[in-house]
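In what follows, a single structure is set out as structure tokens and then discussed.
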Amino acid sequence: MPGRPRRRPPLVALLLALIVALLALLVLMVWPTRRVLLTSCQPAEAPYDNLGPYCLSVVETDAGPLSLPDLGLERHHALFVGRGDGAPAYGHWVDYSPNPGGQDLQRYLEAAEVDWQPDGLTFRERSGHSVFVPAEQFIGGR
């Protein structure tokens, strides 16, 4: 009949609902968490023009609570250096890929060392991998 609106078959509506639910789940899985896994603040003997104190944080940046490495949805991390030990906001970010070798990531990071020197800081993993962040990159909150 020309005057009646056409109804979608229930199967099409179900498929559309399933697609929307899967897309919502995917967005939640990759949403940035900004969860801080480790924080290390500068010692008193490493002043940076009295603009500190500065802290280095290892931050989980995305892929949320679920991780699907087979689909390329691995958790990503960053080193953040900024003023204070609060939530990372304004400061210097460096992409970081931890190398725990199958160990628990939290314990692995807790065994890392941070060496604060006048020219910058070095984050050194137990495996020997290290990242150097020059002081001019974070002094003043950059």
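The values are calculated or read from the model by the stated rules, or taken from the named source; none is laboratory data. Every value quoted in this text rests on a predicted model; they were computed, and no experiment measured them. Here Cβ is always computed from backbone atoms with ideal geometry, including for glycine, and neighbour counts include all displayed protein chains.
Pairs meeting the criteria (first residue in segment 118-142 and on the phi > 0 side of the Ramachandran plot and assigned to a loop (DSSP other than H, G, I, E, B), second residue exposed (fewer than 12 other Cβ atoms within 10 Å of the Cβ) and not charged (D, E, K, R), beta carbons under 9 Å, at least 6 apart or on different chains) are G141/Y90.
Here the condition is being at pLDDT 85 or above, surrounded by 12 or more Cβ atoms within 10 Å (Cβ to Cβ) and among the acidic types (D, E); of E113, E136, it holds for E136 alone.
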